[in-house]
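Okay, so here's the structure we're looking at.
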Amino acid sequence: MKKEFLKKQKEKLEEQKKRLEERLSALAKRSVKVRGDWITRYPEFNGGHLEEEADEVEEYGNLLSIGYTLELELKKINDSLEKMRKGKYGICEKCKKPISQERLKAYPQAKFCKKCQ
Ligand SMILES: [Zn+2]
């Protein structure tokens, strides 16, 4: 993989990371208002103590699932940046073959090649 390509991918990943972190912190602030808790903590979500005030619970549930999605995405990005440091970026985690650059361009944090996806 060319250095130039890697550099661009790294820039993309870091840009996305920044945006995700901003969205997560905005979300966490809203969550504090709704629940008096931080969304990123994920309290046991078994419904037991969340029965009061349905609207609030629903909003909290929404925030929680958005936050969860964002965090998963953030984790993928961090994993990719970690792989870059180790020189393993762009290798499919299943078949260990290189992921196509086209795919990486469209989705820099891809973990699997098109076949294994
Ligand atoms: Zn693969």
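A few notes on this one:
- Complete set of residues in region 95-113 that are more than 16 Å from Glu73 (Cβ to Cβ) and near the ligand (Cβ under 8 Å from one of its atoms): Cys95, Lys96, Lys97, Ile99, Cys113
- Top-ranked residue in region 1-43 [being assigned to a loop (DSSP other than H, G, I, E, B) and under 26 Å from Asp79 (Cβ atoms); ranked as modelled with the highest pLDDT]: Lys2
- Hits in region 65-117 (condition: open to solvent by less than 60 Å² (accessible area, probe 1.4 Å), out of contact with any helix residue (DSSP H, G or I) (no Cβ under 9 Å at 6 or more places or on another chain) and part of a helix (DSSP H, G or I)): Asp79, Lys83, Arg103
The values are calculated or read from the model by the stated rules, or taken from the named source; none is laboratory data. None of these values were measured; they are calculated from a predicted model. Methodologically, a virtual Cβ is constructed for each residue, glycine included, from the backbone with ideal geometry; neighbour enumeration extends over all protein chains shown. Only protein heavy atoms, including side chains, enter the accessible area calculation; ligands, DNA and RNA are left aside. Shrake-Rupley method; radii C 1.70, N 1.55, O 1.52, S 1.80 Å.
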